[in-house]
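Beneath this line is the structure, given in C-alpha cells, with notes to follow.
The values are calculated or read from the model by the stated rules, or taken from the named source; none is laboratory data. Here the structure is a predicted model, which means the values were calculated and not measured. Positions of Cβ are backbone-derived with ideal geometry, glycine not excepted, and every protein chain shown enters the neighbour counts.
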Amino acid sequence: MKAVIVCVSVSHGNTRRIAEAIARPLAAQVVEPEELDPADLAEADLVGFGSGVFTGRLHPRLRRFVHALPATRQPCRAFVFATSGLPEPGFRPFTRPLERRLAAKGFEVIDGFTARGHDTWLPFKPIGGISKNRPDARDLAAAHTFAAALTARTGSAS
Ligand SMILES: Cc1cc2nc3c(=O)[nH]c(=O)nc-3n(C[C@H](O)[C@H](O)[C@H](O)COP(=O)(O)O)c2cc1C
C-alpha cells in the first residue's frame with residue numbers, strides 16, 4: 001500500500017508533528033501541497049490531508065489543493081486531520097467540509113483525526129496562548145494509534 005500525507009503546518013509546526021506520527025505506521029511520505037503533482041496521487045492507495053484550523057477552517061493552501069484535484073479515476077481512500085487551539089465542536093467537526101469535498105471528488109473518506117495544538121492567535125497572545133505544550137506525548141500516541149488502525153483496515157504498509 002502506498003500512503004501519502006499532504007500537510008500544511010504554518011503556525012507552530014503542530015500539525016506537522018501529528019502528520020509525522022501518523023506517517024510512521026503507514027510508512028507514508030509527508031509533503032506540502034506545493035511539493036506534490038496531483039498526478040502523483042494517482043499512485044497512492046491512501047492519502048491524508050491535514051492542517052491547523054484558522055478562523056474555523058482548514059488552511060486555504062490545503063483547501064485550494066483539494067479544490068484543484070481532478071476526480072479520482074481509481075479507488076483511493078482518504079482521511080483528514082487537524083490541530084486546533086480550541087476543542088472541536090461536536091456539531092461541526094473541523095474536518096467535515098474537506099471530507100465532503102474529497103468525497104465529491106471520488107475519494108472514499110474512511111476516517112478523521114483531530115488534536116489540540118498550541119495556539120497563540122491574537123486573542124490568546126496576552127496570556128501566552130492556549131493549549132500550551134500541545135500536541136503532547138499523549139496526542140502523538142493517539143495519532144500513532146489512529147494510523148495503526150488505518151494500516152489494519154487498509155492493508156500493511158510497504
Ligand atoms: C490566525 C489564526 C487563527 C486561528 N483560528 C483558530 C480557530 O478558529 N479555532 C481554533 O480552534 N484554533 C485556531 N487557531 C489555532 C490553530 O488552529 C492552532 O495553533 C494549530 O495547531 C496551528 O497548527 P500549525 O502549527 O500546524 O499551523 C488559529 C491560529 C491562528 C494563528
When you look at Pro89, is it surrounded by fewer than 18 Cβ atoms within 10 Å (Cβ to Cβ) and assigned to a helix (DSSP H, G or I), yes or no?
no
Just one of the numbered conditions (1) over 18 Å from Gly112 (Cα atoms); (2) in contact with a strand residue (DSSP E or B) (Cβ under 7 Å, 6 or more places away or on another chain); (3) within 15 Å of the ligand (Cβ to nearest atom) is not true of Pro60; which one?
(2)
Residue pairs, Cβ under 6 Å, 6 or more apart or interchain, first in segment 85-97 and over 25 Å from Ile127 (Cα atoms), second modelled with pLDDT of 90 or more. List them.
Thr95/Val80; Thr95/Ala82; Thr95/Gly112
So which residues in segment 1-46 are more than 15 Å from Phe65 (Cα to Cα) and of a type in the set (D, E, K, R)?
Lys2, Arg16, Arg17, Glu20, Arg24, Glu43, Asp45
When every residue in segment 1-37 that is within 14 Å of the ligand (Cβ to nearest atom) and part of a loop (DSSP other than H, G, I, E, B) is compared, the one surrounded by the most Cβ atoms within 10 Å (Cβ to Cβ) is Ser9
Near pairs, Cβ below 8 angstrom, 6+ apart or cross-chain, from segment 5-24 (aliphatic (A, V, I, L, M)) to any residue that is part of a helix (DSSP H, G or I) and within 9 Å of the ligand (Cβ to nearest atom):
Ile5/Ala19; Val8/Thr15
Which of the following residues is within 14 Å of the ligand (Cβ to nearest atom) and either in contact with a Gly (Cβ under 8 Å, 6 or more places away or on another chain) or within 23 Å of Arg17 (Cβ to Cβ) (or both): Phe65, Phe81?
Phe81
Kindly check whether there is at least one residue in segment 148-157 that is buried (at least 19 other Cβ atoms within 10 Å of the Cβ), in contact with a strand residue (DSSP E or B) (Cβ under 9 Å, 6 or more places away or on another chain), under 16 Å from Gly52 (Cβ atoms) and at pLDDT 90 or above.
no
Close pairs (8 angstrom Cβ cut-off, 6 or more residues apart or separate chains): surrounded by fewer than 11 Cβ atoms within 10 Å (Cβ to Cβ) in segment 52-80, hydrophobic (A, V, I, L, M, F, W, C) anywhere:
Arg73/Ala42; Gln74/Ala42
Failed item, numbered, when Val47 is tested on (1) within 16 Å of the ligand (Cβ to nearest atom); (2) outside any helix (DSSP H, G or I); (3) in contact (Cβ under 8 Å) with a residue 60 or more places away in the chain:
(1)
